[in-house]
Structures are given as C-alpha cells and as structure tokens.
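The values are calculated or read from the model by the stated rules, or taken from the named source; none is laboratory data. Here the structure is a predicted model, which means the values were calculated and not measured. Note that each Cβ is placed from the backbone with ideal geometry, even for glycine, and that neighbours are counted across all protein chains shown.
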Amino acid sequence: MLKNHQDQQKNSENFILFFTALISAFGPIVTDLYLPSLPQLNQYFHVGTSSVQLSLTVSFLGLAFGQILFGPLSDKFGRKKPLLISLFLFVVSTIGCVFSWNIESFIFFRLFQGFAGAGGIVISKSVAVDLYKGEILAKFMSMLAVIQGLAPIAAPIAGGLLMKITNWQGLFVFLLVLGIFIFAVSLLFKESHAESNRLAEPVWQTFRHFKPILKNKMFIYYTLALGFTMGGFFGYISASPFIFQEVFQLSPLQYSIVFGVNAVGFIIGSQLIRLFENSQQALKVGTVGFILITIALALLLNVSAGVYFTEVFFFLLIAGVGMIIPILTTYALDLERKTAGNASAILGCAQFLFGCLFSPLVGLGTVTVSTSLVLVFCSISCGILVLKTMKKSSKTENLCYQPIDK
C-alpha cells in the first residue's frame, strides 16, 4: 500500500488509485475507441479518408491545449471543480458527436470532446502530486502508467468488438455513458488540493506561472525526454496496423492479439521499476534499452525478418517505454510541486504535441523505413536529454533518487 505523506487524503488509497486511473485513461479512450469505425464514417458522411482522419487530429490538439487551461484552473480552484466542468463539457460534446449532421460538425464536436477529456489527464497527475512525494510518488505513477499505457492500445480493440454489435453512433453512446459514470464517481472524490496551497491571484494571472516553470531547465529536459519517448510510442501505434497487416499479412484479429500482447509489455515495464535499487538506475536501464531496441528494430524491419522475431523486439520496445514514462513524469512534477497543475499541463500538452508531430511521419514513403527513422531518432534524442539530466542531478540532491520502497 502507498503511504500518504501529506495527511490531506480523505478518500481511501484504493479509491484514489481507481479514480486517478479512470480519469487519466479517459482522454486516450476518447481518441482511440472510435478508430475501427473510421471507414464507416467515410461512408456515412460521404467524404474522403483525410477528412475523417482530421477528426482524430483535432481531438489530439484538444487534448494537448485543454491541459493548458485545466492545469492552472486546478491550481487556482482545486482539482474537483475543474474536473466536473470538463466532464460536463465532455457529455455535451459527445451528444453533439452522436447527432452530427455533416463531417464539419463532427470535427467541431471532436475538437471539444478532446479538449474536455484533457481535464482528467492533467488533474489525475496533480492529485497524485498533492498526496504523495518522492519514491512513493514514483510507485504511484508507475501503477498509474499501467492504465495510461494500456488505454490507447486497448481502446481500438474494444472499439472493434463493439462495432460487431453497433455502429459508429453506438460507440459514442458508449462514451456518453462512460462520461456520465465518471462524472458520478467524481462527485465522491474529496478535494486533494488544500485551500492554503492554492494560488491566490485572479484566474487570468495563474497562467503567468507557466513562465517560471518553462525557465526550469531540468523540468524542460524531463519534458522533452518524455515528449520524444511519447513520440516513439505514438509512432508505433500509428505504424503497427500497416506493419503487421500489410507487411506481415496478419488478419485484423491476429493484429488485435499482437496489440494486446504489447500492451502487457507496457504493464510489465512499468512494474519492473520496483526491482531496481532506485529509480535513477531504472531510468538508465530503460533508456539504454530503448535506444538499443529501436536500432535492432530498424535493422529487422528493413531486412525482411520474420514476424515473430520482429514482434519480440516490439514487445521489448513497449516494455522499455513503460519503464521510462512514469519515472520522467515523477522527476518533472517533483520539481514543481507548488504549481503541479501547470506543470502537469505542460507535460501533458508536450506529450500529445509530440504524438501529433511524429505519428504522421511514419506514413511517409515506405512504412518500414519511416518507422525505423522515427523510432531511432526519438530514442537517441531521449537518451541525450536523460544524460543531461543525470549530469546535472549528480551535482544536486534530488528527492526522486532515494531508494525505492519495495
């Protein structure tokens, strides 16, 4: 069990874990659940593939920039009120999606749906920072990462299963019911951000707290390293259907199984952190592994290696990402505890912006070549940034580098 460090927690530890996992997974579910319905949307709205794919891009943008708004609001007004507002907006925008009359209206409501879903992502991290510190926070983040990593991988599989019994509107009705359920659960959440710790200035002035955070070089290094890691992760998600179904000729069902297996890799990677003496050591191993595995994958993808051998390395790749993400998130947020909402917003925005940047790149030219270049570039960039942080942190004491409480 996780030990509370601030005596502010009023809900049970199990509730906090369930609640934060639920709201943090909400955003990825919003973006990915409807992916299997994209061809049906083409036919329904009588538009081309690019128009339908735009609905996915705008939801990513909404998730990115929505966090910039809800982060400061949660530092000013507490975590609960902004979360309830975001969930209410989600319910309204989802109803709009269900009753969209053309592709333009659907894209419009998808933008606001992503924007509303951002509240859960940023506030889930802020709640964790409110309640835990140091390696206890790292342990909590590693458990939270299980859900955060599983959601964008499992959501398309769940969407595919739902499509067997419903149509694309049915998927959004499911999202509507899910949004109402999460709203109800949020009413049970007891505020974690004490009034004494909230920002006192007017709302518009809370946004000026982004400036000192962005001047914190260590925070920026961690954010960029996390961004490149997520760039590789989103690149994998975007490229994997084409690699496994077109290059290796797997059926949709076989591909879904591979997708699910790799999701388990993320879970295993996030839990391997506990086996190390401290989280810095785990970050070293995860980052080096990330680089070596992407180089190996680049070779395998371009020498016509078999599907089984290639899949083993994709599994290891996702496991490495699962080790890196929770540690980098913990290190970054531990540096900005007073303005955790703002810091979490910057982290979340950066992750989705990097995802928006690198996901389309894997589709340029030959998918195996472009995917190889994206993965290797992201892993090496992450490695350089992690090396910089370790050199700087060796000169100063960092709470996050204490031994892990096993």
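For region 88-123, enumerate the residues that are aromatic (Phe, Trp, Tyr) and either surrounded by 23 or more Cβ atoms within 10 Å (Cβ to Cβ) or touching a Ser or Thr at 6+ places or on another chain (Cβ under 6 Å) (or both).
PHE90, PHE106, PHE109, PHE112, PHE115
Tell me which residues, restricted to region 93-108, are within 23 Å of the chain's Cα centre (by Cα) and farther than 18 Å from SER51 by Cα.
Once the filter is applied, which keeps residues that are within 23 Å of the chain's Cα centre (by Cα) and farther than 18 Å from SER51 by Cα, region 93-108 yields SER93, THR94.
Residues of region 201-236 being surrounded by 15 or more Cβ atoms within 10 Å (Cβ to Cβ) and more than 20 Å from THR287 (Cβ to Cβ), which ones?
THR206, PHE207, HIS209, PHE210, ILE213, ASN216
Only residues that are surrounded by fewer than 18 Cβ atoms within 10 Å (Cβ to Cβ), part of a helix (DSSP H, G or I) and polar (S, T, N, Q): list them for region 237-255, please.
Passing the criteria: GLN245, GLN254.
For region 347-366, state whether one or more residues are buried (at least 21 other Cβ atoms within 10 Å of the Cβ), touching an Asp or Glu at 6+ places or on another chain (Cβ under 6 Å), small (Gly, Ala, Ser) and part of a helix (DSSP H, G or I).
No: region 347-366 contains no residue that is buried (at least 21 other Cβ atoms within 10 Å of the Cβ), touching an Asp or Glu at 6+ places or on another chain (Cβ under 6 Å), small (Gly, Ala, Ser) and part of a helix (DSSP H, G or I).
From GLU104, GLU195, grab the single residue that is at pLDDT 80 or above and acidic (Asp, Glu).
Exactly one residue qualifies, and that residue is GLU104.
Can you pull out every residue in region 58-92 that is under 21 Å from the mean Cα position of the chain (by Cα), without any contact (Cβ under 8 Å) to a residue 60 or more places away in the chain and within 24 Å of LEU35 (Cα to Cα)?
VAL58, SER59, GLY62, GLY66, SER86, LEU89
Specify the residue that is surrounded by the fewest Cβ atoms within 10 Å (Cβ to Cβ); the eligible residues are those in region 264-313 that are of a type in the set (Gly, Ala, Ser) and in contact with a Gly (Cβ under 8 Å, 6 or more places away or on another chain).
Applying the filter and picking the extreme gives GLY289.
Does region 322-329 include one or more residues that are among the polar types (S, T, N, Q) and modelled with pLDDT under 85?
No: region 322-329 contains no residue that is among the polar types (S, T, N, Q) and modelled with pLDDT under 85.
One line per residue, one yes/no per condition, for (1) assigned by TED's automatic domain parsing to the domain that holds LEU224; (2) farther than 26 Å from GLY159 by Cα; (3) under 17 Å from the mean Cα position of the chain (by Cα):
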| position | (1), (2), (3) |
| --- | --- |
| PHE266 | yes, no, yes |
| PHE276 | yes, yes, no |
| GLN280 | yes, yes, no |
| LYS284 | yes, yes, no |
| GLY306 | yes, yes, no |
| PHE314 | yes, no, no |
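Modelled with pLDDT under 80, aromatic (Phe, Trp, Tyr) and farther than 15 Å from THR287 by Cα - does that describe any residue in region 354-373?
So far as region 354-373 goes, no, none of its residues is modelled with pLDDT under 80, aromatic (Phe, Trp, Tyr) and farther than 15 Å from THR287 by Cα.
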